[in-house]
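Structure, as structure tokens:
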Amino acid sequence: MNRKISGILFFIVLVIISIPTYTAASSIQLKVDGAVIPSEIGPEIKNGRTMVPLRVISENLGAKVDWSKSKVTLTKKDMHVMLDLYNNTVLKNGKSTLLDVKSYINNNRTMVPLRFLSETFGCMVNYRNSEVTVDCEALRIGGVKVKALQHEYHMTMGGVVQRSSGNAYNEAFYNIFIDNLGSKVEAPANYSWMYTMDTPGSYYKEAQYDFLDTDEKSIKRFDLYTLIKAFPEETLEGYPEILIYDATENQWYLFNETARQSVNQLLDKGVFKIISNTIV
């Protein structure tokens, strides 16, 4: 009887040893550029490697994440990375590299080694005291360090001012604005935060984006405007649908819908701290 019990216990021990080791995800906090990132799946330790959720971190670093069958594609400006879940090969701008630990799926989330993010985005990564940190270099505009991106938008009654301190995330915003400035144009006759329906060719200020320095002063500001379409089409002929105003340079430009959508997609993915909310 004792031999049977000993045999059973020995078998259980072997099974436990053979199972890959994980650290509970809920016990490890995830921070990107100092901000705590909420995630359904947190970082975890597997076989001595720190594994992190790919999508939530990548999006908070300003990258676009696409999924097709077993392949995940990350794009950000000139960076194009393809990851295959079923092998260790990663293609970055056509160059092949190998992961030291194969990625896997946990609760429908792709988990990758923390080191992969460092090599992909050029950020400093660390795991210490039950906290995973990803820190990137701050954006600099004209040699001035950007501390935060301030986003302001208005509703019918009141508005919201919020800030992001994510360095790579804020840089992604800046690149979208700079890379998609169209032809220079004259200022429209009517433009404001108010949704004016008195004059054809009026523009509504959709949002204001201020890149703040360490003293929280704006060093670069872009205002995004959309054409108010509460008029017959024939009366709006010749009016661009989207305009962007570089308030720092006091210059208006054409802006395109694709870039506008990219801006809105980034807004949906990042972590912002609300500074004020006067919406009633």
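The values are calculated or read from the model by the stated rules, or taken from the named source; none is laboratory data. Treat the numbers as computed from the prediction; the structure is a model and nothing was measured. Please note: Cβ atoms are built from the backbone with ideal geometry, for glycine as well, and neighbour counts cover all protein chains shown.
General remarks:
- Qualifying strands (runs of 3 or more DSSP E) (wholly inside the stretch 50-153; at least 2 residues being closer than 30 Å to S276 by Cβ): 131-135
- Candidates G166, G143, filtered to the one that is exposed (fewer than 14 other Cβ atoms within 10 Å of the Cβ) and either touching a residue at least 12 places away in the same chain (Cβ under 8 Å) or not charged (D, E, K, R) (or both): G143
- Residue in the stretch 217-270 that is farthest from the chain's Cα centre (by Cα), counting only those that are assigned to a loop (DSSP other than H, G, I, E, B) and among the aromatic types (F, W, Y): F231
- Of all residue pairs spaced 6 or more apart or on separate chains, those with beta-carbon atoms under 7 Å, a first member in the stretch 186-200 that is free of Cβ contacts under 8 Å to residues at least 24 places away in the same chain and a second member that is surrounded by 13 or more Cβ atoms within 10 Å (Cβ to Cβ) are A189/G201; N190/T196; N190/G201; N190/S202; N190/Y203; S192/K205; T199/N190.
- Criterion applied to S262, S183, S218 was being in contact with a helix residue (DSSP H, G or I) (Cβ under 6 Å, 6 or more places away or on another chain) and either charged (D, E, K, R) or in contact (Cβ under 8 Å) with a residue 40 or more places away in the chain (or both), and the one residue passing it is S262.
- Per-region count, the stretch 56-98, residues exposed (fewer than 13 other Cβ atoms within 10 Å of the Cβ), under 24 Å from D33 (Cα atoms) and either acidic (D, E) or modelled with pLDDT of 90 or more (or both): 2
- Qualifying residue in the stretch 178-192 (condition: among the β-branched types (V, I, T) and either assigned to a strand (DSSP E or B) or exposed (fewer than 13 other Cβ atoms within 10 Å of the Cβ) (or both)): yes
- Only listed residue being among the basic types (K, R), surrounded by 11 or more Cβ atoms within 10 Å (Cβ to Cβ) and either under 28 Å from I57 (Cβ atoms) or in contact with a Lys or Arg (Cβ under 6 Å, 6 or more places away or on another chain) (or both), chosen from K229, K269: K269
- Assessment of the stretch 124-136 against the conditions (of a type in the set (D, E, K, R) and crowded, with 20+ Cβ neighbours inside 10 Å) yields no matching residue.
- Meets criteria (in a loop (DSSP other than H, G, I, E, B), more than 20 Å from A168 (Cα to Cα) and at pLDDT 85 or above) for I45: no
- Residue pairs whose Cβ atoms lie under 6 Å apart, sitting 6 or more positions apart in sequence or on different chains, and linking a residue in the stretch 34-51 that is buried (at least 17 other Cβ atoms within 10 Å of the Cβ) to a partner that is in a strand (DSSP E or B) and of a type in the set (D, E, K, R), are I41/R109; M51/E44.
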